[in-house]
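Asks: Before anything else, here's the structure in question.
The values are calculated or read from the model by the stated rules, or taken from the named source; none is laboratory data. As the structure is a computational prediction, the values presented were derived from the model and not from experiment. No Cβ is skipped: glycine too gets one built from the backbone with ideal geometry, and neighbour counts run over all protein chains shown. Each accessible area value is taken on the protein alone, full model and side chains, heavy atoms only, with ligands, DNA and RNA left out. Shrake-Rupley method; radii C 1.70, N 1.55, O 1.52, S 1.80 Å.
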Amino acid sequence: MLQAPPALWISRRPGSRTVFLHGMVMAPCFWQIYAPPACRLGMSAAYPLPGHFPWTVGRDVEAMSLPAILDAYAEAIDRDFVGQPVTLVGHSTGAFMAMGLAARHPGRIGSLVLMGALSCGGMDGCQPFAMRLLRLPRFGQWGFERLLSYWISTPGRFIDGARACVANADERMHSRRDRAAIEQVRQSLLRSRAGEIAALVRLLSQTTLSGSLADIACPALNIVGGMDRVIRPRHQFNIQSAMPSASTLLLPRAGHLPMVERPREVAAAVKAFLHDHGTGPAAGKRPLRPAAGSLHRQPPANEKPRSVSAPGSDGLAAHAG
């Protein structure tokens, strides 16, 4: 049994209840900078992934499983929010965990906000190099840990890696704010355990939530960067197609970090979503309405679902299907 992860509190104000889950090789401190403003109006906390500082797994690493991780998150939510349901905001692997929590512990989750999400470690046959590397006997674990250590060893190397996650590296990653946030993440990773991160990557590569998505009944906002090179947009569209109460916001010029690249659009979308489906006393609890049209059929794998919206000239969103 894994111990519950520690919380990094972003806000302790009365109001909505939000939990943030970061992506692989990131850190909870990322959300201190990039949490949407609407989530700062209530109680909000960020939890780390296993192996990412300050959540160490220790001797339980060999027994680490997805159910054990999800149960540990549920225990943390009960501890920090006194058993009240929360909105989960998950990015990338954090979105994977958020969907897993909504499927396994539905009573604790009121709604979901997903960014750059994946539902299957196989990622439709496009696994990243790190996952393929760990499949190599003997050399894989050693190679992964050495590459990770090399990447985070200097600020310049880490920023170069982060630039691959955004659609326009020349536009982002140059401001003092972005560089300071990236350096905070790097410092946290220097205190993380590479072997435990490798174990999590290996577990994720062998795990899928595809059979559970249809059972997730809570409202969900799926934010997709149209130029995401880490998790292909097609994979993210398929998540929305499988979840009955999900709606997708497409940001055509964003990559894998929409909260960094298009903060205003993300902030407006999350604010509107929380107004209707948040977990605080002011939430409207309205039925989830796709931003444009309804999903009437299962689209082909390379086609956007009909309930996809994108920022346009007529307010928050315009039809993009």
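Asks: Quick check on my filter: what residues within the stretch 242-264 are surrounded by fewer than 22 Cβ atoms within 10 Å (Cβ to Cβ) and either in contact with a helix residue (DSSP H, G or I) (Cβ under 9 Å, 6 or more places away or on another chain) or of a type in the set (Ser, Thr, Tyr) (or both)?
Replies: Listed by number, the residues that qualify are 242, 244, 245, 253, 263.
Asks: I need the full set of residues from the stretch 53-90 which are small (Gly, Ala, Ser) and more than 22 Å from residue 31 (Cα to Cα), in order please.
Replies: Result: 58, 63, 65, 68, 83.
Asks: Inspect the stretch 33-55 for any residue being among the basic types (Lys, Arg) and over 18 Å from the mean Cα position of the chain (by Cα) and give the result as yes or no.
Replies: Initial filter on the stretch 33-55 (among the basic types (Lys, Arg)): 40.
From what's left, over 18 Å from the mean Cα position of the chain (by Cα): none.
For the stretch 33-55, residues among the basic types (Lys, Arg) and over 18 Å from the mean Cα position of the chain (by Cα): absent.
Asks: Restricting attention to the stretch 153-192, report how many residues are at pLDDT 95 or above and within 25 Å of residue 205 (Cβ to Cβ).
Replies: Total satisfying the criteria: 8.
Asks: Okay, next question. Only residues that are at pLDDT below 95, more than 22 Å from residue 247 (Cβ to Cβ) and open to solvent by 60 Å² or more (accessible area, probe 1.4 Å): list them for the stretch 96-125, please.
Replies: 125
Asks: Report, ordered by the first and then the second residue, all pairs with beta carbons closer than 8 Å, sequence separation of six or more or different chains, a first member in the stretch 41-67 that is within 20 Å of residue 86 (Cβ to Cβ) and outside any loop (DSSP other than H, G, I, E, B), and a second member that is among the small types (Gly, Ala, Ser) and open to solvent by 30 Å² or more (accessible area, probe 1.4 Å).
Replies: That search, which allows pairs on different chains as well, returns 45/7; 46/7; 47/7.
Okay, residues lined up against (1) farther than 24 Å from residue 204 by Cα; (2) open to solvent by 30 Å² or more (accessible area, probe 1.4 Å):
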{"residue": "16", "(1), (2)": "yes, no"}
{"residue": "27", "(1), (2)": "no, no"}
{"residue": "34", "(1), (2)": "yes, no"}
{"residue": "48", "(1), (2)": "no, no"}
{"residue": "51", "(1), (2)": "no, no"}
{"residue": "57", "(1), (2)": "no, no"}
{"residue": "68", "(1), (2)": "no, no"}
{"residue": "77", "(1), (2)": "no, no"}
{"residue": "84", "(1), (2)": "yes, yes"}
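Asks: Same structure again: Quick one: which residue in 12, 40 is within 24 Å of residue 268 (Cβ to Cβ) and of a type in the set (D, E, K, R)?
Replies: 40
Asks: Something else: What are the pairs, 6+ residues apart or on separate chains, where a residue within the stretch 148-171 that is within 20 Å of residue 262 (Cα to Cα) and of a type in the set (Gly, Ala, Ser) has its Cβ under 7 Å from a residue that is open to solvent by 50 Å² or more (accessible area, probe 1.4 Å) and in a helix (DSSP H, G or I)?
Replies: 161/151; 169/163
Asks: While we're looking at this one, here's another question. Kindly establish whether residue 6 is open to solvent by less than 10 Å² (accessible area, probe 1.4 Å) and either in a loop (DSSP other than H, G, I, E, B) or touching a Lys or Arg at 6+ places or on another chain (Cβ under 6 Å) (or both).
Replies: When the stated conditions are applied, residue 6 does not pass them.
Asks: Which ranges mark the strands (runs of 3 or more DSSP E) fully within the stretch 216-321 that have 1 or more residues being on the phi > 0 side of the Ramachandran plot and at pLDDT below 65?
Replies: none
Asks: In this structure, is residue 93 closer than 24 Å to residue 158 by Cα, touching a Gly at 6+ places or on another chain (Cβ under 8 Å) and of a type in the set (S, T, N, Q)?
Replies: It is true that residue 93 is closer than 24 Å to residue 158 by Cα, touching a Gly at 6+ places or on another chain (Cβ under 8 Å) and of a type in the set (S, T, N, Q).
Asks: For the stretch 32-84, which positions are at pLDDT 95 or above and acidic (Asp, Glu)?
Replies: Residues satisfying the conditions are 71, 75, 78, 80.
Asks: Given 107, 42, 83, which one is on the phi > 0 side of the Ramachandran plot and either touching a helix residue (DSSP H, G or I) at 6+ places or on another chain (Cβ under 7 Å) or not polar (S, T, N, Q) (or both)?
Replies: 83
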